[in-house]
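Colleague: Have a look at this one.
Values in this text are rule-based calculations from the coordinates and carry no lab data. Quantities reported herein were computed from a predicted structural model and do not represent experimental measurements. Reconstructed Cβ throughout: ideal geometry from the backbone, glycine too, with neighbour counts over all protein chains shown.
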Protein chains: 2
Amino acid sequence: MDNRPIGVFDSGLGGLSAVRSLRRILPGEQLIYFGDTSRVPYGGRSRETILKYARQDVRFLRSFDLKAILIACGTVSTTSLEMLREENDLPMVGVVEPTCRRAVEVTRRGRVGLIATHASVRSGVYETTIGALDKKVEVVARACPLFVPLVENGRFRPGDVVIDTVAREYLEPMRESGIDTLILGCTHYPLLSDVIRGVMGDGVELISAGEESAFELKRTLKARGLLRDCQQGEATYYVSDRVDDFEQIASWFLQEDLHHEANRIDIDRY
Amino acid sequence: MDNRPIGVFDSGLGGLSAVRSLRRILPGEQLIYFGDTSRVPYGGRSRETILKYARQDVRFLRSFDLKAILIACGTVSTTSLEMLREENDLPMVGVVEPTCRRAVEVTRRGRVGLIATHASVRSGVYETTIGALDKKVEVVARACPLFVPLVENGRFRPGDVVIDTVAREYLEPMRESGIDTLILGCTHYPLLSDVIRGVMGDGVELISAGEESAFELKRTLKARGLLRDCQQGEATYYVSDRVDDFEQIASWFLQEDLHHEANRIDIDRY
């Protein structure tokens, strides 16, 4: 048993969808979230810059006495996880590996779709990881650059002609390619589950990166006897820059009302 | 006469619409454009962060021997222009003042609309500047946060249900408020002129920030005897991060075909 909190970080607020999964899957845990809103998005930056930023994010989180860290940022998970694990003596879980493992388990016909940001798609990391797990599984990838700004402006509800039109354009070719499993490879996308299901139909299983990493963290903590013995944990939120309407946007991601602001910190000091 | 180049910068590629205006209004000038694509958008960030970024942008541009700088970024113009002018001994033109002056000239009924990013609207700088020019002129402001990502994804053509729907939602209340002049307070918006005119009707005059600042720069250079004596200038493009489809996006903003990539630099070094 270990009552210390779990740290979660992302380049922005998308990682709050992983917090939502954690609160459902590990309801008793204390969570500390950091969203690096002053430097979002990490996607297009160099490996060295991403590693530098990720190290600062970890140093800030470790200014608290943590028992584990969940890296809710796809870009950090794909570029810096190994290095961060070597440098830190606590369990760290990223979003890519658990998601790929689940996709390989779930697919029936061996055709997996991936939607993500340009940077994640371009990195090819999902294909490589899935290929290492089962080289017969084929990956069909598509960048969906408008999904993040649309979600952040509250346009994620089915029936909104704007998101419905954009989703159809991105996803119809993917549906026609015959995939049976679709990885939501960006932490913003779980908010679009209903819209995406509306285009893909019920025959396609949606896999959320945040959720799978939350399950992976639970397995890790359980195996090491680090779960907390408590019914109801709390979450605290930190950001590195002002966020317009933090309460509103956070409530969307968390799917619950949030009645306090995030604390703002200066990440350059870490 | 001064043959040195003019520097132009923006947080991203939107400032290329100001380059287009400059090439029309000052066709003989050499232009050096910097788009801070690794840190775009500036809009939602704090004043301190924006000033820090703007200083780095100016330091990079001044690694060339320049005769003037046009700040094509509304956010930088509204938050940091005075400070940058104090720190730099060359003429600097922003987008706000020239645009406001034009709006005050043009309006017949003294009701001016402003559309811009959240940060520009929140700053209240357009209202303050217009109020200082003519305190009887009333400003109706509206943030249009989805316009930038939609334009950058090529969705700026009338008849596209996505941009038409978003534009109607943003602009119909503004039309109903009875404005006769509308400031396009963000360099991405000139691409939306047809869409915006479709909602606002022909009775509303559109004022483009990029164009007015190009005229202002011409006046400044002329007054100081700094115009270049040449028929045909060239433009060089720098960005701080990889840009997917730079040629495509730049061609939209410049409204001419562009057949070379931008040069990429590391802005953190400046």
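Colleague: Over chain B, with a Gaussian network built from C-alpha contacts below 10 Å, which listed residue (B:86, B:234, B:212) shows the highest mean-square fluctuation?
Modeller: Ranking B:86, B:234, B:212 by mean-square fluctuation puts B:86 first.
Colleague: For residue A:25 paired with residue B:128, estimate the spin-label separation in nm (one decimal), with each label point 7 Å from Cα along the Cα-to-Cβ line.
Modeller: For the pair residue A:25/residue B:128, the computed spacing is 4.8 nm.
Colleague: So, one more: Other chains near B:31-40: what is the mean number of their Cβ atoms within 10 Å of each residue's Cβ? Write down the numbers at each step before the final one.
Modeller: Numbers: counts 0, 0, 0, 0, 0, 0, 1, 8, 6, 2.
Across the residues of B:31-40, the mean count of other-chain Cβ atoms within 10 Å is 2.
Colleague: Shape verdict for the stretch A:44-110, please, from the Cα gyration tensor: rounded (a/c under 1.5), prolate (a/b greater than b/c) or oblate.
Modeller: Details: a/c = 2.98, a/b = 1.65, b/c = 1.81.
Oblate is the answer for the stretch A:44-110, as a/c is 1.5 or above yet b/c matches or exceeds a/b.
Colleague: Then there is this: When we measure straight from the Cα of residue A:52, which lysines land under 25 angstrom away, once same-chain ones fewer than 8 places off are left out?
Modeller: Straight-distance partners of residue A:52: A:67, B:52.
Colleague: Return the whole-Å distance between the Cα centroid of the stretch A:10-68 and the Cα centroid of the stretch A:110-129.
Modeller: 21 Å
Colleague: In what sequence, highest mean first, do A:18-30, B:5-17, B:161-173 appear when ranked by Cβ atoms within 10 angstrom?
Modeller: Numbers: A:18-30: 20.7, B:5-17: 27.6, B:161-173: 17.7.
Most protected by this proxy first, the peptides run B:5-17, A:18-30, B:161-173.
Colleague: For the pair residue A:193 and residue B:82, how long in nm is the line joining their label points, each one 7 Å along Cα→Cβ?
Modeller: With each label placed 7 Å out from Cα toward Cβ, I get 5.0 nm.
Colleague: Just need the Rg to Rh number for chain A, please, alpha carbons only, Kirkwood Rh. Could the numbers behind the result be given before it?
Modeller: On the way: Rg = 17.7 Å, Rh = 18.7 Å.
Rg divided by Rh gives 0.95.
Colleague: Among A:46, A:240, A:193, whose mean-square fluctuation peaks in a Gaussian network model of chain A (Cα, cutoff 10 Å)?
Modeller: A:46
Colleague: Let me ask another. As a test of the formula, what do you get for chain B when each DSSP H run with n ≥ 4 contributes -39,500 (n - 2.57) and the sum is divided by the residue count, at 222 nm and rounded to the nearest 500 deg cm²/dmol?
Modeller: Values: 12 runs with 118 residues, N = 270.
Rounded to the nearest 500, it is -13000 deg cm²/dmol.
Colleague: Run through the other copies and list how far each one's label point is from that of residue B:225, in nm with one decimal, shortest first; the point sits 7 Å from Cα along Cα-Cβ.
Modeller: 8.6
Colleague: Another question about this same structure. Give the Kirkwood hydrodynamic radius (Å, one decimal) of the stretch A:96-209, defined as one over the mean of 1/r across all pairs of different Cα atoms.
Modeller: Details: mean 1/r = 0.0719 Å⁻¹.
Roughly 13.9 Å, rounded to one decimal.
Colleague: What average number of partner chain Cβ atoms lie no more than 10 Å from the Cβ of the residues making up A:155-164? List each step's numbers first, then the result.
Modeller: On the way: counts 4, 0, 0, 0, 0, 1, 5, 10, 1, 2.
Counting Cβ atoms of other protein chains within 10 Å of each residue's Cβ and averaging gives 2.
Colleague: Just A:97, A:176, A:127 to compare: in a GNM of chain A, with alpha carbon springs under 10 Å, which one fluctuates most?
Modeller: The residue with the greatest mean-square fluctuation here is A:176.
Colleague: Next question. Dividing the alpha-carbon Rg of the protein assembly as shown by 2.2 N^0.38 Å yields what? Working shown, then result.
Modeller: Values: Rg = 24.5 Å, N = 540, 2.2 N^0.38 = 24.0 Å.
The protein assembly as shown yields a ratio of 1.02.
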